[in-house]
Amino acid sequence: RRRFADDEPIVVVETFLPYSECSFVLDHDMEKESLYDVMSAKEETEVYCVKRQVEAVEATASDARYMDIKKGKPVQLFRSYGLNVFGKPMEYSVARYRADRNSFEVTVFADKKK
């Protein structure tokens, strides 16, 4: 998928799902429906927790083609693992964001259980 802001491509995302559990997603129009909303239809496929890794990398030839940037420019690479309530992986996504058009904020809460 390519996502746009003001008609400018800002991110390219590839998402992988286990076919045996998620083939029903193919019956939905993903241009009009949210993937997570569709997956939430079943408890065993609903994404309960997401683990995400973030890394700064250089734009590839594919990034240059799909996001209208020069090869070698900075790109923010996100790898996301979506787990169901039972801890089973339901989704793996690789997102490549244009670093010149995106910024991210992370909020961390302290664990008060100590």
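The values are calculated or read from the model by the stated rules, or taken from the named source; none is laboratory data. Everything numeric here is computed off the predicted structure, so don't read it as measured data. Here the Cβ positions follow ideal geometry from the backbone for every residue, glycine too, while neighbour counts run over all protein chains shown. The protein model used for the area step is the full one, side chains on, heavy atoms only, and it has no ligands, DNA or RNA in it. Shrake-Rupley method; radii C 1.70, N 1.55, O 1.52, S 1.80 Å.
Label-to-label distance for Val50 and Lys73 is 2.4 nm, based on points extended 7 Å past Cα in the beta-carbon direction. A value for Cα Rg over 2.2 N^0.38 Å was derived from the coordinates, and within the list (i) 1.22; (ii) 1.02; (iii) 1.08 it appears as (i).
Highest mean packing comes first when the peptides 43-56, 97-110 are listed by Cβ atoms within 10 Å, giving 43-56, 97-110.
Residues in the chain average 74 Å² of solvent-accessible surface per residue, probe 1.4 Å, ligands and nucleic acids excluded. Computed over protein heavy atoms with a 1.4 Å probe, the carbon and sulfur contribution to the accessible area of the chain reaches 50%. Once the Cα-Cα distance is subtracted from the 0.36 nm per residue extended length, the Glu31 to Lys88 segment shows a gain of 17.9 nm. Can you compute log10 of I(q)/I(0) for the range 1-67 with the Debye formula, treating each Cα as one identical point scatterer, at q = 0.20 Å⁻¹? Reported log10 I(q)/I(0), two decimals: -1.01. For the range 1-54, the Cβ-based charge dipole about the Cα centre amounts to some 280 debye (Lys, Arg positive; Asp, Glu negative; other atoms uncharged).
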